[in-house]
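Colleague: This is the structure I want to talk about, given as structure tokens.
The values are calculated or read from the model by the stated rules, or taken from the named source; none is laboratory data. Since the model is a prediction, treat every value here as computed from it, not as a measurement. Neighbour counts are summed over all protein chains in view; Cβ atoms, including those assigned to glycine, are modelled from backbone coordinates with ideal geometry.
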Amino acid sequence: MKRFAIVIGALFLPTAPALAEVRESSSSGFVIQLGIDVPETPQAAWDALVTPRKWWSAEHSYSSDAANFSLDPRAGGCFCEILPNKVSPKAAPRGSVEHMRVVYVE
């Protein structure tokens, strides 16, 4: 089993606060480190992480469909959601939402 860690700055994660360790804090924010054991190879864990449509909840979206999510895994990359054109699904999307910007990948 490999250890998989994510460092997240100034983000509240209500699902696993007991597992997080505060690494830095100041009056302007904080950085936590959250680690979990996953029964996967590093490549399989990475492939899952960068495919949010497989794990993101449709309830936490603007389009009500996790299939509209993508993650560009590079500095400056976007964790984004496409807003489909409901009137004409084959037409260009009506818009998009940037949920998060990637700042560091290693």
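Here is a yes/no grid of residues against (1) under 13 Å from the mean Cα position of the chain (by Cα); (2) within 30 Å of Val31 (Cβ to Cβ):
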residue: Ala48; (1), (2): yes, yes
residue: Asp72; (1), (2): yes, yes
residue: Ala75; (1), (2): no, yes
residue: Pro84; (1), (2): no, no
residue: Val102; (1), (2): yes, yes
residue: Val105; (1), (2): yes, yes
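Colleague: Return yes when Ala58 is over 16 Å from the mean Cα position of the chain (by Cα) and without any contact (Cβ under 8 Å) to a residue 12 or more places away in the chain and no when it is not.
Modeller: It is false that Ala58 is over 16 Å from the mean Cα position of the chain (by Cα) and without any contact (Cβ under 8 Å) to a residue 12 or more places away in the chain.
Colleague: Among the numbered criteria (1) at pLDDT below 90; (2) surrounded by 14 or more Cβ atoms within 10 Å (Cβ to Cβ); (3) among the polar types (S, T, N, Q), which one does Asn68 miss?
Modeller: (1)
Colleague: Could you go through the range 33-43 and let me know if any residue there is exposed (fewer than 13 other Cβ atoms within 10 Å of the Cβ), hydroxyl-bearing (Ser, Thr, Tyr) and out of contact with any strand residue (DSSP E or B) (no Cβ under 9 Å at 6 or more places or on another chain). Please lay out each step first, then the result.
Modeller: If we filter the range 33-43 for residues that are exposed (fewer than 13 other Cβ atoms within 10 Å of the Cβ), which is where we start, we get 36-37, 39, 41-43.
So of that shortlist, the ones also hydroxyl-bearing (Ser, Thr, Tyr) come out as 41.
Applying the additional criterion that residues be out of contact with any strand residue (DSSP E or B) (no Cβ under 9 Å at 6 or more places or on another chain) yields none.
So far as the range 33-43 goes, no, none of its residues is exposed (fewer than 13 other Cβ atoms within 10 Å of the Cβ), hydroxyl-bearing (Ser, Thr, Tyr) and out of contact with any strand residue (DSSP E or B) (no Cβ under 9 Å at 6 or more places or on another chain).
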